[in-house]
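Novice: Dropping a structure here in structure tokens format, bear with me for questions.
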Amino acid sequence: MAAQDVETIFADILNRAKALDPANTRHWFDRLTVLHFDGGALGIGCPDDATVAFLQDNCKTSFTRAAQQVTGHLVTVDFAVDSLGRATSRYRHCAADLKLHPDYTFDNFVVGPSNRLAHASCVAVSQSLGDTYNPLFLYGHSGLGKTHLLQAVCHQAREHPDGGVIQFLSCEQFVNRFIRAIEEGNVLGFQSQFRSVDMLVIDDIQFLREREQSQEEFFHTFNALYNNGKQIILSADSPPGEIPSLEARLISRFNWGLVARIDPPSYETRIAIVQKKAHLRGLNLSDEIAEYVARKVHANIRELEGALTTIYALAVTNGEQVSLELAQQALDGQIQLATRHISITDIIDVVTRHFDVRLADLQSKKRNQSIAMPRQICMYLARNLTKHSLEEIGGHLGGRDHTTVMYACNKIAEAKSGDPQTNALLDELTRQVTQTPQV
Ligand code: ADP
Ligand code: MG
């Protein structure tokens with residue numbers, strides 16, 4: 001194929017992929033290159049590993065489908081870093097093992113009264129690691145931008161000419177790696193890995209609750225880094241003192257630096273965020289529609305994004321331009337285009353992973369809280385996210401009868417409305433279940 005043809009076909013494929021999956025479309029798609037295109041295989045060149053990971057995880061299906069539709073043949077699609085550097089990289093330094101979401105940068109973060117302090121402190125820290133606020137502790141409900149800000153610091157810090165090793169991970173990953181290190185008899189390796197970084201960023205540190213041995217390990221990691229002037233950044237769903245079962249010595253350390261709260265965004269900030277998210281996808285949104293979406297969704301920015309996705313999915317399906325009427329139809333009618341078929345198994349997978357329990361435990365007769373609560377959450381989520389009857393749900397969870405399931409659903413619903421932490425946890429689990437990528 002002549003080079004010219006390849007470029008034209010690739011441009012068509014990109015346009016088709018954007019139309020097939022607007023939610024995962026990004027304006028930097030235009031910087032992707034063709035590595036090779038022959039024998040039914042298309043290699044797409046990316047600027048860096050983070051972009052490869054993003055496309056691999058989110059866009060493989062839409063790109064494959066687009067390539068097949070445009071060429072009329074079966075095509076397999078792969079993503080790799082363009083080693084010729086044609087797909088201009090945004091990063092000069094890449095710490096190994098650092099997977100960041102390409103969208104979670106300071107540029108893409110809208111600042112408003114609800115997050116001004118958190119944002120300013122993250123910017124300050126990223127410019128001078130270890131020297132300003134140490135540790136920096138962000139907290140707020142789910143979906144308000146904690147992960148985004150933490151990753152923005154990492155993006156920024158790795159652009160710094162002095163480089164430095166940055167470690168970003170969720171608390172769950174920290175705990176799992178620690179457990180694996182114990183199992184493999186390699187605790188020393190674990191310790192040297194975490195105690196030698198220049199910046200340690202741990203997301204959702206509340207996951208340490210009730211994990212005594214991990215708390216102990218984290219305590220020593222913290223001290224080692226702190227004493228060497230290395231930067232520590234943490235996030236949680238509540239302030240240090242309100243994380244249940246967290247050791248006092250950790251609470252006090254978390255308060256040594258700066259603790260910044262993120263509140264739900266104001267109406268004006270929500271409008272700006274909707275505009276920003278639309279722009280990021282290369283879409284133009286009228287003020288009227290942005291205002292409508294911002295009025296409809298209040299508390300959670302993740303839901304704000306979900307609303308935008310629903311609107312665009314409906315526009316693509318109907319082959320219409322996005323109008324206020326279409327936006328109203330999409331949100332008022334609660335059309336759930338983005339939803340897929342959710343099975344009880346999806347729910348069980350997410351819940352067992354989160355609580356670190358086994359399916360066999362959920363199905364057993366065990367009634368201790370550490371098993372009973374995840375089991376009840378499975379029932380509650382299954383009742384809300386699937387069409388299964390109470391009997392069927394009970395059947396999947398050890399043959400329990402419908403009154404047990406109903407009792408569980410009521411109990412969790414009550415906890416959800418009475419306790420912000422349970423509310424946030426259920427939101428997060430729901431997000432994980434509903435956003436599990438389709439295979
Ligand atoms: P959290 O970690 O607090 O649960 P996330 O950081 O995952 O929340 O944010 C959820 C979504 O909302 C992400 O897609 C993020 O980009 C977006 N988001 C949150 N706050 C902002 C903001 N101020 N500006 C732009 N996007 C935001
Ligand atoms: Mg988060």
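The values are calculated or read from the model by the stated rules, or taken from the named source; none is laboratory data. The structure displayed is predicted, hence computed values, not measured ones. Ideal geometry is used to build each Cβ from the backbone, glycine not excepted, and the neighbour counts take in all protein chains shown. Quick note on the areas: whole protein, heavy atoms, side chains included, nothing else; ligands and nucleic acids left out. Shrake-Rupley method; radii C 1.70, N 1.55, O 1.52, S 1.80 Å.
Novice: Step by step: find N for the chain, compute 2.2 N^0.38 Å, then divide the Cα radius of gyration by it. What's the final number? Display every interim value, and only then the final one.
Specialist: Details: Rg = 23.2 Å, N = 439, 2.2 N^0.38 = 22.2 Å.
Cα Rg divided by the expected 2.2 N^0.38 Å: 1.04.
Novice: With N set to the residue count of the stretch 229-281, report its C-alpha Rg divided by 2.2 N^0.38 Å to two decimal places.
Specialist: Working: Rg = 16.3 Å, N = 53, 2.2 N^0.38 = 9.9 Å.
Against the empirical 2.2 N^0.38 Å value, I get 1.64 for the stretch 229-281.
Novice: Right, here's the next one. Which order do peptides 133-139, 178-184, 167-173, 222-228 fall in by mean Cβ count within 10 Å, highest first? Mind showing how you got there, number by number?
Specialist: On the way: 133-139: 23.3, 178-184: 14.0, 167-173: 18.7, 222-228: 16.1.
Descending packing order for the listed peptides: 133-139, 167-173, 222-228, 178-184.
Novice: Something else now. Just want the answer: with Cβ charges of +1 for Lys and Arg and -1 for Asp and Glu, which residue in Leu100, Ala120, Pro135 is farthest toward the dipole's positive end in the stretch 19-138?
Specialist: Ala120
Novice: A further question follows. Choose one of Tyr226, Thr64, Leu397: the residue whose Cα lies farthest towards the positive end of the charge dipole of the chain (beta-carbon charges +1 Lys, Arg; -1 Asp, Glu; about the Cα centre).
Specialist: Leu397
Novice: Per residue, how much accessible surface does the chain expose to a 1.4 Å probe? Answer in Å², no decimals. Show your work: numbers first, answer last.
Specialist: Numbers: 20840 Å² over 439 residues.
That works out to 47 Å² for each residue.
Novice: Can you work out D for the stretch 27-76 in µm² s⁻¹ from Stokes-Einstein, where Rh is the Kirkwood radius over C-alpha pairs, the temperature is 37 °C and the viscosity is 0.692 mPa s?
Specialist: Rounded, D is 288 µm²/s.
Novice: Out of every Cα-Cα pair in the stretch 175-223, what percent are more than 18 Å apart?
Specialist: Working: 299 of 1176 pairs.
Of all Cα-Cα distances in the stretch 175-223, 25 percent exceed 18 Å.
Novice: Relative to the Cα centre, what is the charge dipole magnitude of the stretch 112-233, using +1 at the beta carbon of each Lys and Arg, -1 at the beta carbon of each Asp and Glu, and rounding to the nearest 20 debye?
Specialist: Details: 9 positive and 13 negative charges, 52 e Å.
I would put it at about 260 debye.
Novice: Cut-off under 20 Å on the C-alpha distance; same-chain residues fewer than 8 positions from Lys366 excluded. Which lysines are left, in chain and number order?
Specialist: The qualifying lysines are Lys411.
Novice: Could you sort out which of Lys277/Lys387; Lys146/Lys230; Lys146/Lys276; Lys99/Lys277 sit more than 23 Å apart by Cα distance in this structure? All intermediate terms of the calculation are to be shown ahead of the outcome.
Specialist: Numbers: Lys277/Lys387 32 Å; Lys146/Lys230 21 Å; Lys146/Lys276 17 Å; Lys99/Lys277 21 Å.
As for pairs spanning more than 23 Å Cα to Cα, those are Lys277/Lys387.
Novice: Follow-up question, since we're still on this one. Using helices alone, I'd like the mean residue ellipticity at 222 nm for the chain: each DSSP H run of four-plus residues gives -39500 (n - 2.57), total over residue count, nearest 500. Working shown, then result.
Specialist: On the way: 19 runs with 234 residues, N = 439.
Rounded to the nearest 500, it is -16500 deg cm²/dmol.
Novice: So, one more: In debye, nearest 20, what is the charge dipole magnitude of the stretch 207-299 about its Cα centre with +1 on Lys and Arg Cβ and -1 on Asp and Glu Cβ, if you could check?
Specialist: Roughly 260 debye, rounded to the nearest 20.
Novice: From zero outward in steps of 5 Å, how is the percent of C-alpha pairs of the stretch 346-439 spread across the bins?
Specialist: Computed distribution, short to long bins: 3, 14, 26, 28, 20, 8, 1, 0.
Novice: Further question: Leu35's amide H: which non-local residues (gap 5+, or another chain) put their own amide H closer than 5 Å, with H modeled 1.01 Å from N in plane and none for Pro or chain starts?
Specialist: Gly43, Ile44, Gly45
Novice: Mind running the shape call on the stretch 235-356? Use the C-alpha gyration tensor, a ≥ b ≥ c as the square roots of the eigenvalues: rounded below 1.5 for a/c, prolate if a/b tops b/c, oblate otherwise. Let's see the in-between values first.
Specialist: On the way: a/c = 3.38, a/b = 1.63, b/c = 2.07.
Oblate is the answer for the stretch 235-356, as a/c is 1.5 or above yet b/c matches or exceeds a/b.
Novice: Related question: List the aspartates and glutamates whose Cα lies under 13 Å from the Cα of Lys18, skipping any in the same chain that are fewer than 8 positions away.
Specialist: Answer for Lys18, where 13 Å is the Cα cut-off: Asp30, listed by chain and number.
Novice: Here is a further query. May I ask you to evaluate 6.51 cos²θ - 1.76 cosθ + 1.60, the Karplus curve with θ = phi - 60°, for each residue of the stretch 411-426 and list the ³J(HN,Hα) values in order in whole Hz, giving x for glycine and proline?
Specialist: 5, 5, 4, 5, 4, 4, 7, x, 9, x, 5, 5, 4, 5, 4, 5
Novice: Note down the magnitude of the dipole of the chain about its Cα centre, charges +1 on Lys and Arg C-beta and -1 on Asp and Glu C-beta and zero elsewhere, to the nearest 20 debye.
Specialist: Numbers: 42 positive and 51 negative charges, 121 e Å.
Dipole about the Cα centre, nearest 20: 580 debye.
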